[in-house]
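Worksheet: one structure, shown below.
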Amino acid sequence: MLISTWVGAVTESSAWVRAKIDPGATTVRLELSTTSDFATVTTYGPATIEDDNVVSLTPSGLPPLTRFYYRWVIDGVADTLYTGRFSTFPVKGSQASFTFAAAGDSGLVPNTPGVAGSFLPDRISNHASHKMIADMDPSFFIHLGDIHYYNPGQIIDSTVSGYRRCIDDVLLQPNQHELYRKVPLIWSADDHDFGKNDSDGTQVGKENYASVYRERVPHYPLPESGGTFHSFQFGRVLFIITDDRYYRDPNVNPDGPGHVMLGYEQLAWIAQTLAAGEAAGAEFLVMTTGVQWHLGGAGSDSWGGFALERQRLTDILTPWHDRMIMLQADLHALAIDDGANNPWGGFPLALLAPLDANPSAVSSVYYNQGTSGGVSHSQFGMINVQDRGDSITVQINAHQGTTVLFDHAVTVSGLSTPVDPVEPEDDFTEVVQAAATPTIKWYAYDLLTLRKISSLQGATGDLIRSLGASESSTVNIPTPLSGPMANRFVTDTVKAPNTIVVAEINKKPAWAGIVWKTVETSEGGLDLGVATIESYLDRRYTRTLKFTQIEQAFIMRDLAKIAADITGIPLEFDITPTGIARDRTYNDDEDATLYKRIQELSEVINGPEWMIRAEYADEWGSKLRLIFTCRAKIGAAKTSPRGPISTRGGSKAKWKRTNDWSEGNGANSVIAYSSGEGDVRPQSKEMTNIREGYPRIEYRYSPSSSVTKIATLNEHATSRLDEIGNGTESIEVESRWDQSPVRLGIDIDLGDWVSYALYGPTRPNGLIGIKRLIGWKLSAANGTFTPVFLEETEETLADA
């Protein structure tokens, strides 16, 4: 049996239908029809029955601007009681006129309390205004918050089961249920459906809200794991739905640079969404916010308590000020300001509430149309969009029931009439598309909390990553006044030395670096001097330590743990013993950094390998993990190499092969020495590998000034001879980073043995072999990376 169903996330070719069913059902499908009698149907499913007996299906491949009716079929029986409907959107960027509805606040001292079975009937609504909106048949309905007043964490518990009960009771109300199954719903919670009155980011159980929202609500894609902000586009009108609660600081906190309602990540997302909308042909913006834009002062629950962030958002919206409206609720009143009382952008504001809650007063100081004392329940907005091609008019009709009390219209003229989209042919026609240039997404994270704090639009830089080494780079962030890369606010958050910059490649944090230097100029732009996370170890000193016959991986771990103390950075540890124990004594007066000591240990023969890798702590990348990794060998083994990188296939590799015996790159006689103590200089035996036909070529070097044991110096000399005893034979390869089987961070990663098959005029039969990937250099501009191989090789050199 079907308990409830609703629809949302409609696009030009798809929709999302979700439902809750009685336990015991085994097969659930969804039927779509273009007629209400379901004379002919298209069937989707079967659906997976998920937690809490929820089912979910997303019909796709639908034609645009088409009305569909839907019903669920459970164990072969079609449900005819709770059928629903939706209409697909027009193609993005095309000319289209439509009407949508918007309102908030359902359930505080309601005129029509909830039906029997509700947890709290006097805090939820079954008011007829919901069905009234459904009967008007708008394209969709935006709920501006407070869809109920259960106040999770205060009246009902804020567990997963508590938030589920809230959703269940909303859909238990016949009039609300009819609205949400017959009109696609767009909803992001305000304080009473998110938590207690005036709730904020300290709300206990807010993660449960985020989880249940994703589990139960048919929603547009959400940019990250926490807040429920999202966007969509209908024709040439872009919609941005903010989340004003999940990241909000407590209202009582002093206003200032760190006092946020939306948070830096949501602000950055808004800037990115505006740019994407403009690129998709958007000419008008409708933005929602759960609270009042131009009311309140310090400490208030409205935007006046977050004045600095309001100014940041105003700046981001600058190119849209004369072609947008903002919709609001929270205050239980119906009112419109034409922009005359809005010094932060001057765009019109519409207060559309309450659907069914005790009315509030609204002042003419802030709104030049509207009720002065709160007249009625059943108040909402019907917004009509007329797209005439060369102009768009958006008219807000303020309803009390079926009566329009007042209205306001905004017209944008002088537009270019969009070209009608080409209708697809009936028969399938193969379309050959140019290969997309792979892109890097750039983000900023806080070094100590590892939380994402900002997107970095348009950032550029050439990046280097190496196994067990610190590598430096320069990243540039553009800061124009407006447009998709208006990053002015990042200067408040991206600071040395407490910010990590992440380059996301193939949806993974392939590169992460600490900001050590920032440079601003009168010309604009922000230059960042960054170095990989390993660089932090070079800013902390070893102190006095002694290890006697300790597993070498544990020595390395204990050194790195110094950097993760209470004053350091949050490192996790992934350590695999190597089976080799060593003696080491380190003295504080040697002034050696952790990085130096760890490097020394890794460079001896059979020394452990190490790196600090960044991973996303969740699938949305809202937080990082920094993991210090140490083992005998890191990466895929020689017996199971990854790849191949090839001049043939998707990687489109280019290559150059070099044999180098220049100073430091080739020698067959090596001595390692140290300054030691007193007049005697400790040095290793002469380690040689002089093959027939080769002259003696000598090399002497000092791996460390603190080494006093001859045995240790012998290990260093042997290790270096292994590296350069045959000269440095290198292959330089440039390859795409996004093409299988060499997707960076997915198919191949640091430490892996990688196969290659390289062809060219001097190697028509191929240069075939395997090498070990110990680093890479990446060009952000052209979508390619250059692997850095360890010159230990197994190779078949085919005759030319």
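Assorted remarks:
- Trypsin sites (Lys or Arg not before Pro), loop per DSSP, at most 10 other Cβ atoms within 10 Å - longest free stretch of the chain: 1-690
- Compared with the dominant Cα axis of the chain, that is its longest principal axis, helix 264-279 is turned about 70°.
- Footprinting exposure proxy ranking of 439, 11, fewest other C-beta atoms within 10 angstrom first, gives 439, 11.
- With contacts taken as Cα pairs under 8 Å at a separation of at least 6 residues, the chain carries a relative contact order of 8 percent.
- Magnitude of the charge dipole, region 445-632, Cβ model with Lys/Arg +1 and Asp/Glu -1, debye to 20: 340
- Volume per residue for region 98-413 equals 113 cubic angstrom (convex hull of Cα atoms).
- Computed on region 445-632, with alpha-carbon pairs under 8 angstrom and 6+ residues apart, the relative contact order is 22 percent.
- Neighbour net charge for residue 222 - beta-carbon separation under 10 angstrom, K R +1, D E -1: -1
- Top positive-direction residue, dipole computed over region 2-87 with Cβ charges, set 3, 39, 82: 39
- Whole-Å distance, taken between Cα centres, linking region 84-142 and region 318-332: 20
- Sum of -39500 (n - 2.57) over DSSP H runs of 4+, divided by residues of the chain (222 nm, nearest 500): -4000 deg cm²/dmol
- Positive-end residue, the chain charge dipole about Cα centroid, Cβ charges, pick of 151, 529, 128: 529
- Taking the centroid of alpha carbons for each part, region 740-756 and region 166-223 are 42 Å apart.
- Cα Rg, Dmax (largest Cα-Cα span) when computed across region 623-767, Å: 20.1, 61
- Remark: the chain carries a charge dipole of roughly 1260 debye about the Cα centre, counting +1 on each Lys and Arg Cβ and -1 on each Asp and Glu Cβ.
- Taking a Cβ cut-off of under 14 Å around residue 528, the surrounding Lys, Arg, Asp and Glu residues balance to a net charge of -1, with basic ones at +1 and acidic ones at -1.
- For region 543-550, 3J(HN,Hα) per residue [Karplus equation, 6.51 cos²θ - 1.76 cosθ + 1.60, θ = phi - 60°, Hz, x = Gly/Pro]: 6, 8, 9, 9, 10, 10, 6, 10
- Base-10 log of normalised Debye intensity for the chain (one unit scatterer per alpha-carbon) at q = 0.05 Å⁻¹: -0.36
- Net charge over other residues, Cβ less than 14 angstrom from the Cβ of residue 440 (K, R count +1; D, E count -1): +4
- For the set 206/517; 508/777; 638/777, the pairs lying more than 24 angstrom apart at their alpha carbons are 206/517.
- Close amide-amide hydrogen proximity is noted between residue 4 and 20, each under 5 Å apart and 5 or more residues distant or on a separate chain (H modeled in the peptide plane; Pro and chain starts excluded).
- Here the calculated FRET efficiency for residue 705 and residue 617, from their Cβ-Cβ distance with R0 = 60 Å, stands at 0.90, rounded to the nearest 0.05.
- Ranked packing of 150-157, 354-361, most packed first, by mean Cβ within 10 Å: 354-361, 150-157
- Convex hull volume of the Cα atoms of region 227-333, normalised per residue: 98 Å³.
- Dipole axis of region 594-735 (+1 Lys, Arg; -1 Asp, Glu on Cβ), positive-most option in 708, 669, 655: 655
- Region 152-204 - percent relative contact order, Cα under 8 Å, separation 6 or more: 44
- Range in the chain, longest, excluding exposed GluC sites (Glu not before Pro) [loop by DSSP; at most 11 other beta-carbon atoms within 10 Å]: 1-424
- D_trans [Stokes-Einstein, Kirkwood Rh over alpha-carbon pairs] for region 8-85, 37 °C, 0.692 mPa s, µm² s⁻¹: 256
- Amide H contacts of residue 623: 452, 617, 618, each under 5 Å away and 5 or more positions distant or on a separate chain (H built 1.01 Å from N in the peptide plane; Pro and chain starts excluded).
Only the coordinates and a few stated rules stand behind these numbers; no lab work does. Source: prediction; values computed, not measured. With ideal geometry, Cβ positions are generated from the backbone for all residues, glycine too; neighbour counts draw on all protein chains shown.
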